[in-house]
1. Given the conditions (1) buried (at least 19 other Cβ atoms within 10 Å of the Cβ); (2) under 24 Å from the mean Cα position of the chain (by Cα); (3) in a helix (DSSP H, G or I), and given that residue 36 satisfies all but one, which numbered condition is not satisfied?
2. Report the residue count in segment 103-133 for those that are on the phi < 0 side of the Ramachandran plot, surrounded by fewer than 24 Cβ atoms within 10 Å (Cβ to Cβ) and part of a loop (DSSP other than H, G, I, E, B).
3. Taking residue 67, is it in contact with a strand residue (DSSP E or B) (Cβ under 8 Å, 6 or more places away or on another chain) and farther than 24 Å from residue 294 by Cβ?
4. Name the residues in segment 39-74 that are touching a residue at least 60 places away in the same chain (Cβ under 8 Å) and farther than 20 Å from residue 102 by Cα, would you?
5. Given 235, 264, which one is surrounded by 14 or more Cβ atoms within 10 Å (Cβ to Cβ) and closer than 30 Å to residue 114 by Cα?
6. Considering segment 73-102 alone, what residues qualify as being out of contact with any helix residue (DSSP H, G or I) (no Cβ under 8 Å at 6 or more places or on another chain) and assigned to a loop (DSSP other than H, G, I, E, B)?
7. Report, by residue number, each residue of segment 39-59 that is under 25 Å from the mean Cα position of the chain (by Cα), surrounded by fewer than 18 Cβ atoms within 10 Å (Cβ to Cβ) and closer than 27 Å to residue 2 by Cβ.
8. Would you mind finding the one in 191, 179 that is modelled with pLDDT of 90 or more and surrounded by 21 or more Cβ atoms within 10 Å (Cβ to Cβ)?
């Protein structure tokens, strides 16, 4: 699919909308195909909207979208792309899992955007393949599926399976497809039409650079924060962080207070708490396992710290379905 002009036109895509799907991800995955048709003057692509039962599906913003058919109503798609959103990690509908496995055996290309790689993983379709998922869900996904080869790239294409981090990254994925099948000039025209100034490559990372995320540019402070982010499960001592970035502990303290209005210890603790909240909300890991994954030695100490930080217990942040 991503390797040259297809044998037949138009290519037919099925878009499987999962409950609470991201409307941004869906639009980003379908609009480049519409634009390619318009700008080429040819029907290069067509698409059909699917849901598990043919009933309307509400997006995460509350807008309901009417599918054209239920899964299983038509089998001859060139590709089926699942669109996920908040809560997709809990979607284990046997109808969806069975359908994805069945069309995979038929040779249909399968894609998953935003959090939808979870359903491919539930179906066992990502084993021995590179994949990616939205960065906010990446920690939980890796904890749930430690055997998978999960990257933090915008999108991954591994044989007939492709995964995408979601949001506007789906535009880049579909532009990559248009370029492979119909040439760079058409892909560039589609990109310009959407005022998408740069077609991002597969290997680009999802998240913006650390200096933009935290709003500071001091190189040694950024290096210290990066050291913390890379060691959430086994926290390192303040003195070791300072040494690693070429500072004294006093200099490290001054930088954190000046630019972030926090001590290194407090900032590090907040990073660990944020990771804990994500794992509690997005995985079925036990509270003890979450505690250990965030650098705490006991569930009781973790629960005490969590309550002090967020004002409620870890169990209150659990998804109802977890």
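The values are calculated or read from the model by the stated rules, or taken from the named source; none is laboratory data. Predicted, not measured: the structure shown is a model, and the values here were computed from it. Ideal geometry is used to build each Cβ from the backbone, glycine not excepted, and the neighbour counts take in all protein chains shown.
1. The number of the failed condition is (2).
2. Total meeting the criteria: 6.
3. Working: in contact with a strand residue (DSSP E or B) (Cβ under 8 Å, 6 or more places away or on another chain): yes; farther than 24 Å from residue 294 by Cβ: yes.
Yes; evaluated as a whole, the condition is true for this residue.
4. Narrowing segment 39-74 to residues touching a residue at least 60 places away in the same chain (Cβ under 8 Å): 39-40, 44, 74.
Answer for segment 39-74, where residues must be touching a residue at least 60 places away in the same chain (Cβ under 8 Å) and farther than 20 Å from residue 102 by Cα: 39, 40, 44.
5. Working: 264 fails: closer than 30 Å to residue 114 by Cα.
Testing whether each residue is surrounded by 14 or more Cβ atoms within 10 Å (Cβ to Cβ) and closer than 30 Å to residue 114 by Cα leaves just 235.
6. Initial filter on segment 73-102 (out of contact with any helix residue (DSSP H, G or I) (no Cβ under 8 Å at 6 or more places or on another chain)): 73-74, 76, 78-79, 86-87, 90, 93-95, 98-99, 101-102.
Listed by number, the residues that qualify are 73, 74, 76, 78, 86, 87, 93.
7. 48
8. Details: 179 fails: surrounded by 21 or more Cβ atoms within 10 Å (Cβ to Cβ).
Every option except 191 fails the conditions.
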